[in-house]
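Colleague: Here it is, the structure, as structure tokens.
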Amino acid sequence: MAIHDIDICRWMADSEADSVFVTGSMMVSDLSSCEGPEAIDTAITMIKFKNGVTGLIDNCRQAPYGYDQRIEVFGDKGMVSSENNFPNTVKKLTAEGVETDLPFSFFMTRYMEAYKNETIEFCKAISQDLPVPATGSDGAEALRIAMAAGKALAEDRWVKLDEITP
């Protein structure tokens with residue numbers, strides 16, 4: 001449920017993960033036929049990175065108001081955030097309340113520009129013999145963190161990445 005969130009968390013932390021903890025439950029879906037980490041629809045994942053950064057990922061399989069994906073990074077000099085994408089930025093504020101569009105409701109719409117840019121950069125790297133921005137090793141490491149997360153959920157404990165063989 002969180003592999004891409006794990007990947008971006010790792011990238012933003014600029015460090016390898018040291019350990020992970022997950023707690024979750026089935027709150028909004030009927031996943032009774034699923035097993036293991038797939039049997040939950042709402043989760044909190046905490047990742048401790050080797051450089052001291054702590055990452056927190058909050059996931060839910062269902063967001064009836066749209067594709068909700070936001071990022072916040074706090075540091076000793078301030079904060080950086082990226083909000084949801086909306087079809088437009090118009091807001092109507094009255095004494096009765098605030099009206100605005102809902103976020104995009106499908107990940108392909110939400111990330112259309114990102115997918116286009118990724119494809120352009122990949123083609124540029126291949127055609128100009130440059131390093132690709134994201135490697136197979138990056139994907140493998142995100143998968144290893146996800147595997148540790150599954151183990152952490154199953155065993156209700158912090159799991160060191162050293163416990164997961166690549």
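The values are calculated or read from the model by the stated rules, or taken from the named source; none is laboratory data. All of these numbers come straight from a predicted model, not from anything done at the bench. Every residue, glycine as well, gets a Cβ built from its backbone with ideal geometry; the counts of neighbours run over all protein chains shown. With ligands, DNA and RNA removed, areas are computed over all heavy atoms of the protein, side chains included. Shrake-Rupley method; radii C 1.70, N 1.55, O 1.52, S 1.80 Å.
Colleague: Return the carbon/sulfur percentage of the accessible area of the range 5-86, one whole number, probe 1.4 Å, all protein chains in place.
Modeller: In the range 5-86, the share of accessible area belonging to carbon and sulfur is 52 percent.
Colleague: How big, on average over all directions, is the shadow cast by the Cα convex hull of the range 70-166, in nm²?
Modeller: Across all orientations, the range 70-166 yields a mean hull projection of 11.8 nm².
Colleague: What residue among 119, 109, 54 has the largest mean-square fluctuation in a Gaussian network model of the chain, using Cα springs under 10 Å?
Modeller: So, out of 119, 109, 54, the one fluctuating most is 119.
Colleague: Let me have the 222 nm mean residue ellipticity of the chain computed from DSSP H runs of 4+ only, each contributing -39500 (n - 2.57), with the sum over all residues rounded to the nearest 500.
Modeller: Estimated from H runs of four or more residues: -9500 deg cm²/dmol.
Colleague: Hey, what D do you get for the range 10-70 in µm²/s if you plug the Kirkwood alpha-carbon radius into Stokes-Einstein at 20 °C and 1.002 mPa s?
Modeller: Taking Rh from Cα pairs, D becomes 164 µm²/s.
Colleague: Heavy-atom accessible area per residue, the chain, 1.4 Å probe: how many Å²?
Modeller: With all protein chains present, the chain gives 69 Å² per residue.
Colleague: Please list, in chain and number order, the residues 5+ apart from residue 18 or on another chain whose amide H is under 5 Å from its amide H, with Hs placed from the backbone.
Modeller: 48, 49, 50
Colleague: What list of ³J(HN,Hα) couplings, whole Hz, do you get for the range 153-159 from phi and the Karplus terms 6.51, -1.76, 1.60, once you set θ to phi - 60° and write x for glycine and proline?
Modeller: 5, 5, 9, 6, 7, 5, 10
Colleague: When the chain is modelled as a GNM with alpha-carbon springs shorter than 10 Å, which of 151, 92, 77 fluctuates the most?
Modeller: Looking only at 151, 92, 77, the largest GNM fluctuation is found for 77.
Colleague: Please build a GNM for the chain, connecting alpha carbons under 10 Å apart, and tell me which residue among 148, 125, 95 fluctuates the most.
Modeller: Judging by the Gaussian network model, the answer is 95.
Colleague: Let me spell out the model: positive unit charges on the Cβ of Lys and Arg, negative unit charges on the Cβ of Asp and Glu, origin at the Cα centre of the chain. What dipole size does that give, in debye rounded to 20?
Modeller: Using only the charged Cβ atoms, the result is roughly 200 debye.
Colleague: Now a separate question. Based on the mean of other Cβ atoms within 10 Å per residue, sort peptides 2-12, 24-34 so the most packed one is first.
Modeller: 2-12, 24-34
Colleague: Please identify the longest segment of the chain free of exposed GluC sites (Glu not before Pro), where exposed means a DSSP state other than H, G, I, E or B and no more than 16 other Cβ atoms within 10 Å.
Modeller: 97-166
Colleague: Give, rounded to the nearest 20 debye, the magnitude of the charge dipole that the range 1-87 has about its Cα centre when Lys and Arg contribute +1 at Cβ and Asp and Glu contribute -1 at Cβ.
Modeller: 200
Colleague: While we're on this one: Between residue 67 and residues 5 or more places away or on another chain, which pairs have amide H atoms under 5 Å apart, with H built 1.01 Å from N, and which residues are they?
Modeller: The answer is 104, 105, 106.
Colleague: Along the range 52-62, what does the Karplus equation 6.51 cos²θ - 1.76 cosθ + 1.60 (θ = phi - 60°) give for ³J(HN,Hα), rounded to whole Hz, x for Gly and Pro?
Modeller: Rounded to whole hertz, the list is x, 5, 10, x, 10, 10, 10, 10, 8, 5, 10.
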